[in-house]
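Structure first, commentary second.
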Amino acid sequence: MTLIKELVGRKHSNYAWPFYTPVDVKGLGLHDYLTIIKEPMDLGTAKLKMENGQYNSALEFAREIRLIFSNCYKYNPPDHDVVAMAKELEVAFETRFAKIPLGNNISSS
């Protein structure tokens, strides 16, 4: 199973679900989100980019996954539930990513 499929899969769904799709700026009334967050990212977008072969390296993929977490930490207060969920998903990601040889084709890892 590829790493991105694992992140969006059932195993991590209890804490990964807020990151499956782009932040619904209008629906959530987050009028300042795009002023604060200059480069939005989510797991669904990363998965689509992976499927379309848009990542040139494992590190490029990791940068965008890590961007999901840093955006969350930047926008939300530290005691917010979504921050705790991001931290849990970040640990899962970093643990699994550390096992991928960086010379490998990321779409098969």
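Is one or more of the residues making up segment 77-89 among the small types (G, A, S), touching a helix residue (DSSP H, G or I) at 6+ places or on another chain (Cβ under 6 Å), part of a helix (DSSP H, G or I) and at pLDDT 95 or above? Yes, that holds for at least one residue. What about K87, is it within 19 Å of G9 (Cα to Cα) and open to solvent by 20 Å² or more (accessible area, probe 1.4 Å)? For K87, the condition - within 19 Å of G9 (Cα to Cα) and open to solvent by 20 Å² or more (accessible area, probe 1.4 Å) - is met. The number of residues in segment 1-49 that are small (G, A, S), without any contact (Cβ under 8 Å) to a residue 12 or more places away in the chain and surrounded by 11 or more Cβ atoms within 10 Å (Cβ to Cβ) comes to 2.
Does any residue of segment 73-83 turn out to be buried (at least 18 other Cβ atoms within 10 Å of the Cβ) and either farther than 20 Å from G9 by Cα or touching a residue at least 12 places away in the same chain (Cβ under 8 Å) (or both)? Can you show your working first?
Filtering segment 73-83 for residues buried (at least 18 other Cβ atoms within 10 Å of the Cβ) gives none.
No.
Among the conditions (1) outside any helix (DSSP H, G or I); (2) open to solvent by 60 Å² or more (accessible area, probe 1.4 Å), the only one that R63 does not satisfy is (1). The residue pairs whose first member lies in segment 50-62 and is over 18 Å from L89 (Cα atoms), whose second member is at pLDDT 90 or above, and whose beta carbons are closer than 7 Å, counting only pairs six or more residues apart or on different chains, are M50/I4; M50/F61; Y55/K49; Y55/F61.
The values are calculated or read from the model by the stated rules, or taken from the named source; none is laboratory data. Just so we're clear, the structure is a prediction, and the values are computed from it rather than from any experiment. Heads up, the Cβs are rebuilt from the backbone with ideal geometry, glycines too, and the neighbour counts pull from every protein chain shown. Just so you know, the surface numbers come from the protein's heavy atoms only, side chains and all, with ligands and any DNA or RNA stripped out. Shrake-Rupley method; radii C 1.70, N 1.55, O 1.52, S 1.80 Å.
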